[in-house]
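The values are calculated or read from the model by the stated rules, or taken from the named source; none is laboratory data. The structure presented is a predicted model; accordingly, all values stated were derived computationally and were not measured. A quick note on method: Cβ atoms are made from the backbone with ideal geometry, for glycine too, and the neighbour counts reach across all protein chains shown. For the accessible areas, the whole protein counts, side chains as well, though only heavy atoms, and no ligand, DNA or RNA atoms are used. Shrake-Rupley method; radii C 1.70, N 1.55, O 1.52, S 1.80 Å.
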Amino acid sequence: MNTRRPAWMSTDGVTFEALDASPAAPGSVRAWSALWLKERDARGLSSVKNDRGYVRNYVLPAFGDAQMADITREQLEDFVSALDAHARKGVGP
């Protein structure tokens with residue numbers, strides 16, 4: 001199995017100032033979020049502003065410094081369930 005990533009996917013030393021001024025640990029949700037948002041912004045997608053808000057307000061508080069590889073399916077399911085419960089009430093988490 002090839003586990004090498006293309007150079008553009010490197011998260012080493014990634015920061016995303018709009019979300020957090022501190023450097024993100026390579027492989028963390030924070031680093032991957034920054035990379036994802038940067039790539040979406042470079043593509044000119046109109047949803048980037050909303051995406052940044054979702055990441056800042058929901059994803060990073062729940063998973064920010066966790067390593068992507070350490071997050072379990074159960075954690076993700078609990079996170080989605082909490083989001084769904086709050087959405088049904090008409091408020092954010």
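The one condition from (1) assigned to a helix (DSSP H, G or I); (2) under 22 Å from residue 34 (Cβ atoms) that residue 77 does not meet is (2). Of all residues in the stretch 40-57, exactly one satisfies the criterion of being surrounded by 13 or more Cβ atoms within 10 Å (Cβ to Cβ) and hydroxyl-bearing (Ser, Thr, Tyr), namely 54.
Taking the stretch 21-39 as the range and being open to solvent by 60 Å² or more (accessible area, probe 1.4 Å) and either more than 12 Å from the chain's Cα centre (by Cα) or more than 20 Å from residue 83 (Cβ to Cβ) (or both) as the test, the residues that pass are 21, 23, 26, 38, 39. For the stretch 58-93, residues that are closer than 17 Å to residue 28 by Cα and either acidic (Asp, Glu) or open to solvent by 90 Å² or more (accessible area, probe 1.4 Å) (or both) total 6.
Please determine whether any residue of the stretch 2-17 is modelled with pLDDT of 90 or more, part of a helix (DSSP H, G or I) and open to solvent by 60 Å² or more (accessible area, probe 1.4 Å). Among the residues of the stretch 2-17, not one is modelled with pLDDT of 90 or more, part of a helix (DSSP H, G or I) and open to solvent by 60 Å² or more (accessible area, probe 1.4 Å), which makes the answer no. Residue pairs whose Cβ atoms lie under 7 Å apart, sitting 6 or more positions apart in sequence or on different chains, and linking a residue in the stretch 71-92 that is modelled with pLDDT of 90 or more to a partner that is assigned to a helix (DSSP H, G or I) and surrounded by 12 or more Cβ atoms within 10 Å (Cβ to Cβ), are 71/63; 79/62.
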